[in-house]
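Have a look at the structure below, then the notes.
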Amino acid sequence: MVRSLRGVLPGEDIIYLGDTARVPYGSKSQRFLLERGVKLVLIACNTASATALPALAAASPVPVIGAVEPGAASALAATANGHIGVIGTLATVRSGAYAQAIAARDPSAALTALACPLLVPLAEEGWTDDEVAALVARRYLSELFVRDPQIDTLVLGCTHYPLLRGVLERAAAELTGRRVAVVDSATAMAEAARGAVAAQNAATGGADAGASASAGTGAAANRRGAAGRLDCFATDTSRFDEVAPRFLGEPLTGFELVDL
């Protein structure tokens, strides 16, 4: 998620908090960010978005963006026949959040969701483009396409899954014999954040150098061309310093362990 956000908002300072001691997020995570003056909070987890977004948004003085709504909107924009597949964690799939979000926009769309729990540990281990990842991707997607052979759009409903996008795209093409559009919820969420920041800047008459935005749960100050800072915090190491660079696509700097 942070990687996508850095791509679309390179001038924004980002504060990332991984509440790894109370995965995915504990009750104090948002307060930690708000105390740092963020101007936008992003819940960079589909599971947390599916279960906690309304409560977090109601309690926040700044806009809160989850992963599900942007992913659902992007899926409907991408599909040609209205048949959409969603893969995610067991909690995200059981929540029915994607089904609700898509049905609210287009009741005629057909959605098929499948929990793919093995994809998260593969991403965290860095096994993202080998025979193990390919076999797991094919095993999960074969079940998804049996349920609905007409699926033409696949939503990666977990912010870990973009690391496996290549093997998932190949598996989908091999199983169907055609191209299946892949929607990355992290990229969709980053685009939603860019729109929210642009709206804030327009409302205030330009970039507010004293404000901040938040991703993963992170934050930002628009600097008009200057590269934004990335400060990472976690409540438990849990190999964070090892795993984070795989997701960021850059070395981890400014990391601090915090006790919430």
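Going by what's in this entry, would Ala113 be described as assigned to a strand (DSSP E or B), among the aliphatic types (A, V, I, L, M) and over 15 Å from the mean Cα position of the chain (by Cα)?
Working: assigned to a strand (DSSP E or B): yes; among the aliphatic types (A, V, I, L, M): yes; over 15 Å from the mean Cα position of the chain (by Cα): yes.
So Ala113 fits the description; yes.
How many residues does region 69-103 contain that are hydrophobic (A, V, I, L, M, F, W, C) and either part of a loop (DSSP other than H, G, I, E, B) or outside the structural domain of Arg138 (by TED's automatic domain parsing) (or both)? Before the answer, list the steps.
Kept after step one, since they are hydrophobic (A, V, I, L, M, F, W, C), are these residues of region 69-103: 72-73, 75-78, 80, 84, 86-87, 90-91, 93, 97, 99, 101-103.
From the residues that got through so far, the ones that are either part of a loop (DSSP other than H, G, I, E, B) or outside the structural domain of Arg138 (by TED's automatic domain parsing) (or both) too are 80.
Residues in region 69-103 being hydrophobic (A, V, I, L, M, F, W, C) and either part of a loop (DSSP other than H, G, I, E, B) or outside the structural domain of Arg138 (by TED's automatic domain parsing) (or both): 1 in total.
Looking only at residues in region 123-158 that are touching a His at 6+ places or on another chain (Cβ under 9 Å) and crowded, with 22+ Cβ neighbours inside 10 Å, which one is nearest to Tyr98 (Cα to Cα)?
Let us first name the residues in region 123-158 that are touching a His at 6+ places or on another chain (Cβ under 9 Å), namely 123-124, 148-153.
With the extra rule that they be crowded, with 22+ Cβ neighbours inside 10 Å, the set shrinks to 151, 153.
On the way: Ile151: 15, Thr153: 13 Å.
Within region 123-158, the match that is nearest to Tyr98 (Cα to Cα) is Thr153.
Mind checking which residues of region 65-92 are touching a helix residue (DSSP H, G or I) at 6+ places or on another chain (Cβ under 9 Å), β-branched (Val, Ile, Thr) and either at pLDDT 95 or above or crowded, with 23+ Cβ neighbours inside 10 Å (or both)?
Ile65, Val68, Ile84, Val86, Ile87, Thr92, listed by residue number.
What tally of residues in region 159-178 results from selecting those that are surrounded by fewer than 17 Cβ atoms within 10 Å (Cβ to Cβ), assigned to a loop (DSSP other than H, G, I, E, B) and polar (S, T, N, Q)?
Result for region 159-178: 0.
Are there any pairs with C-beta distances below 7 angstrom linking a residue in region 107-122 that is assigned by TED's automatic domain parsing to the domain that holds Leu163 to a residue that is among the charged types (D, E, K, R), with the two at least 6 apart or on different chains, and if so which?
Ala110/Asp148; Thr112/Arg147; Thr112/Asp148; Leu114/Glu143
The values are calculated or read from the model by the stated rules, or taken from the named source; none is laboratory data. The structure displayed is predicted, hence computed values, not measured ones. Glycine also receives a Cβ, built like all others from the backbone with ideal geometry; neighbour counts cover every protein chain displayed.
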